[in-house]
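Working notes, beginning with the structure itself.
The values are calculated or read from the model by the stated rules, or taken from the named source; none is laboratory data. For clarity, every value in this text was computed on a predicted model and none was experimentally measured. Cβ atoms come from the backbone with ideal geometry, glycine included; neighbour counts cover every protein chain shown.
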Amino acid sequence: MNSIVSIRDVVKEYELGTTVVQALRGVSLEVMKGEFLSIAGPSGSGKTTLLNLIGCVDTATRGVVEVAGKDTAKLTERELTDLRLNTIGFIFQSFNLVAVLNVFQNVEFPLLLQRKLGSKERRDRVMNLLEQVGLHTHAKHRPSELSGGQRQRVAVARALVTDPLLVLADEPTANLDSATGNQIIDLMKELNQKKGTTFIFSTHDHKVMQHANAVIRLADGKVLARESAKDAVAHALSLGEAPAEAPAGARV
Amino acid sequence: MTIFDPMLWLIAVRSLFQHRIRTSLLGAAIAVVTALLVSLAGIYVGMKTTLLVSATTLMSGHVNVAGFYKSTASSSAPVVTQYQKLREIVQRDVKDLDYVVQRGRGWAKLISDTGSMQVGIGGIDIVNEPGFVKVVQLKEGSLEGLKQPDGLLLFEEQAKKLDVKVGDKLTFSAPTFKGTNNTIDVTVVAIAANIGMLSSWNTYMSDTGLRQLYQLNDETTGALQIYIKDISKVRAVQESLRKAFAAEGFELMDTDPRPFFSKFDGVNRESWTGQKLDITNWEDETSFVQWFVTILTVAATTVIFVLTVIIGVGIMNVMWISIRERTREIGTLRAVGMQRRSVLAMFVTEGFLLGLMGTTVGVAIGGLASFLLNNAAIKLPKGAQLVLMSEKLIVAPTAGWVVFAVIFITSVITLISLIPSFLAARLKPISAMSHVG
Ligand SMILES: Nc1ncnc2c1ncn2[C@@H]1O[C@H](COP(=O)(O)OP(=O)(O)OP(=O)(O)O)[C@@H](O)[C@H]1O
Ligand SMILES: [Mg+2]
């Protein structure tokens, strides 16, 4: 009833020539409105694949993916596109900025597509967001002129600019130093608390994980567990995943 | 979003501007094709018009009222009697008449001190010949002299062959229609620049002088040359004149689309005597010109077609590559919520704008090139001079061709840009985004 994402028995297969790779092998998942959910798991475990399905940029081989109460398999291409534009904000692992547009234009683009705001309002909204991610001085730069971390922040701003109900973030802090990473997490957290925006983000970083309400642990295309942030962090540490910047007391 | 959405134009303009290197390369290619098309069409129109104007002015008119007078069944003279009355009917009945002139026709031996040649003679009433003055370019002397009964105009080629200059005296010798031989003395009053093959076999003198040579009366001439404002209406004018002349009691020959000099044998075999009129048009009288126009048209069309295809394929390749490069971009745009149709509309708008800008620049370049080519007065090779009845290259770009070039090339570019973007927009956003290459 209050779930925004509902996934049941989803299988995703990729065909590579004659072999078939199973990226997801029967995943079920329920995400409530207003959750701040983390998806964790080793490389290749299927995090990106899962987010792509939720983000309606890819389709499942089998199973049901419901987003905002709609079975995505039953939507037309048009309706899926509308859903991506108006309901979902997606921060891609590889940023996917439009190379020929500058920072400002990249962030403004979804607003242009929505056609709800005039040019002045768009400007204010975009510049405000760019300031929050610390890039207002780079508005005129092209993506190629930015560092990986800066590009990531443009992608964040673009995903948030339409005020979507659901934000999907694929390793949103992977390229950021911890200070900027924290800043981005704080921004997301603030939106989550003030506006009730739902966040689903994948991460390796347990420092990011600890902000989550819950952590979904993926391995080999299957959900291993849904656990609290605390357990997940402990689990991560026990597996020997070195924290990016361990607290002083944790050092042996 | 539809194609008329200002938002789409904003995005398209932005995208063109951001891809400025590609935009300017493609735009330049489009401009070059357009410029070539406009200049080539200009050459085609310029040469064709010159050819038609020269031929019709000097030889036939648009509609030609001639005929034969037979004193006996087997002797015919290529003349029309009572030409003043015929001219009145023409002036009264022909709609959109530009002007009408009478021309004497002769074929005589021209003898100088050093040589002689067989030439045609056009007998002209220079005072009433508005077109002649414009077509003939004098190298020496003046057309004023043609007002004198013994004034003669030669072309450079003939003057050289006969070794004469303005002021020199020559003699014409011809059999009259009564069967005796007659000669008159003439003075070269003007030497004109060569006009194609015409310069080798035609000369001009005053109509009065020509009448003296052939001992004809004042009411007789060779033909009436009728010029109308719209040359495509010749057939209608021919028809209406046939009726008008018949109604006034003139005898008419059957319509026969051959030049007058091919008709002697046929006419001599018929049994009638007296005057009969023969109404033809410029295509009949100057069928060789018609042939050259066809060759010119085929040549121009072939060149333009080949050119368009070659460069069209080139542009298509560049557009194709650029859109393949942009597959990732299309995937991203689709992933953040751009509809398939909007992607297409965006590319169409881009293609349209690109085409419009390129062709506009191209038209300007083509216009300038035409102007410069005209001013350079490039001399045509001898063979081309003969056929095209012009010594130099004449380029006349027309509004019609300019509009055609802009619309045609812009449409082609727009269509070309549609195909690959259609393919890219059909991909799943994630496939397009992870597209390599
Ligand atoms: N387009 C594709 N074609 C074929 N196989 C794919 C494709 N995308 C992903 N895979 C495979 O699916 C599995 C899951 O990949 P996925 O990208 O979802 O993992 P991930 O958890 O996001 O990894 P990482 O942490 O490295 O980003 C992997 O085995 C991968 O090789
Ligand atoms: Mg991934």
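Overview of results
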{"item": "Looking only at region A:166-212, and only at residues there that are away from ligand 2 (no atom under 16 Å from the Cβ) and among the charged types (D, E, K, R), the one that is farthest from residue A:32 (Cα to Cα)", "result": "A:177"}
{"item": "Residue satisfying condition, being away from ligand 2 (no atom under 16 Å from the Cβ) and within 13 Å of another protein chain (Cβ to nearest Cβ), within set A:86, A:96, A:128", "result": "A:86"}
{"item": "Failed item, numbered, when residue A:45 is tested on (1) within 13 Å of chain B (Cβ to nearest Cβ); (2) of a type in the set (S, T, N, Q); (3) surrounded by fewer than 24 Cβ atoms within 10 Å (Cβ to Cβ); (4) under 26 Å from residue A:205 (Cα atoms)", "result": "(1)"}
{"item": "Scope region A:154-165; condition closer than 7 Å to residue A:89 by Cβ and either among the aromatic types (Phe, Trp, Tyr) or outside any helix (DSSP H, G or I) (or both); matching residues", "result": "A:162, A:164"}
{"item": "Filter result (free of Cβ contacts under 8 Å to residues at least 24 places away in the same chain and closer than 17 Å to residue B:89 by Cα) within region B:220-242", "result": "B:236, B:239"}
{"item": "Selection count, region B:341-360, where residues are more than 14 Å from chain A (Cβ to nearest Cβ) and surrounded by fewer than 24 Cβ atoms within 10 Å (Cβ to Cβ)", "result": "6"}
{"item": "Condition broken by residue B:73, with the remaining ones in (1) surrounded by fewer than 22 Cβ atoms within 10 Å (Cβ to Cβ); (2) of a type in the set (A, V, I, L, M); (3) within 20 Å of the chain's Cα centre (by Cα) satisfied", "result": "(3)"}
{"item": "Unique residue being over 20 Å from residue B:390 (Cβ atoms) and without any contact (Cβ under 8 Å) to a residue 40 or more places away in the chain when the list is B:311, B:315, B:330, B:321", "result": "B:321"}
{"item": "Tally of residues being modelled with pLDDT of 90 or more and of a type in the set (Gly, Ala, Ser) across region B:194-232", "result": "4"}
{"item": "Residue match in region B:121-132 (condition: modelled with pLDDT of 90 or more, surrounded by fewer than 19 Cβ atoms within 10 Å (Cβ to Cβ), part of a strand (DSSP E or B) and under 25 Å from the mean Cα position of the chain (by Cα))", "result": "no"}
{"item": "Top-ranked residue in region A:14-27 [being away from ligand 2 (no atom under 16 Å from the Cβ) and within 14 Å of another protein chain (Cβ to nearest Cβ); ranked as modelled with the lowest pLDDT]", "result": "A:16"}
{"item": "Residue list for region B:180-213, filter: in contact with a Pro (Cβ under 9 Å, 6 or more places away or on another chain) and hydroxyl-bearing (Ser, Thr, Tyr)", "result": "B:206, B:208"}
{"item": "Scope region A:17-60; condition closer than 27 Å to residue A:210 by Cα, assigned to a loop (DSSP other than H, G, I, E, B) and within 13 Å of ligand 1 (Cβ to nearest atom); matching residues", "result": "A:41, A:42, A:43, A:44, A:45, A:46, A:55"}
{"item": "Selected residue [at positive phi, small (Gly, Ala, Ser) and surrounded by 17 or more Cβ atoms within 10 Å (Cβ to Cβ)] from B:141, B:167, B:145, B:151", "result": "B:141"}
{"item": "Of the criteria (1) more than 16 Å from ligand 2 (Cβ to nearest atom); (2) of a type outside the set (D, E, K, R); (3) surrounded by fewer than 22 Cβ atoms within 10 Å (Cβ to Cβ), which one residue A:7 fails", "result": "(3)"}
{"item": "Test: residue in region A:93-101 that is assigned to a helix (DSSP H, G or I) and either within 14 Å of ligand 1 (Cβ to nearest atom) or crowded, with 18+ Cβ neighbours inside 10 Å (or both)", "result": "no"}
{"item": "Residue satisfying all of: in region B:373-402; crowded, with 18+ Cβ neighbours inside 10 Å and under 25 Å from residue B:26 (Cα atoms); modelled with the highest pLDDT among these", "result": "B:402"}
{"item": "Helices (runs of 4 or more DSSP H) lying entirely in region B:319-437 (those with 3 or more residues that are more than 16 Å from ligand 1 (Cβ to nearest atom))", "result": "B:327-335, B:340-376, B:382-388, B:399-426"}
{"item": "Among (1) out of contact with any Ser or Thr (no Cβ under 9 Å at 6 or more places or on another chain); (2) within 15 Å of ligand 2 (Cβ to nearest atom); (3) without any contact (Cβ under 8 Å) to a residue 60 or more places away in the chain - the single one residue A:58 does not satisfy", "result": "(1)"}
{"item": "Members of region A:106-144 that are touching a residue at least 24 places away in the same chain (Cβ under 8 Å), exposed (fewer than 15 other Cβ atoms within 10 Å of the Cβ) and farther than 18 Å from residue A:91 by Cα", "result": "A:140"}
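A quick yes/no check of all residues on (1) surrounded by fewer than 17 Cβ atoms within 10 Å (Cβ to Cβ); (2) of a type in the set (A, V, I, L, M); (3) within 14 Å of chain A (Cβ to nearest Cβ):
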site	(1), (2), (3)
B:310	yes, yes, no
B:317	yes, no, no
B:339	no, no, yes
B:366	no, no, no
B:371	yes, no, no
B:404	yes, no, no
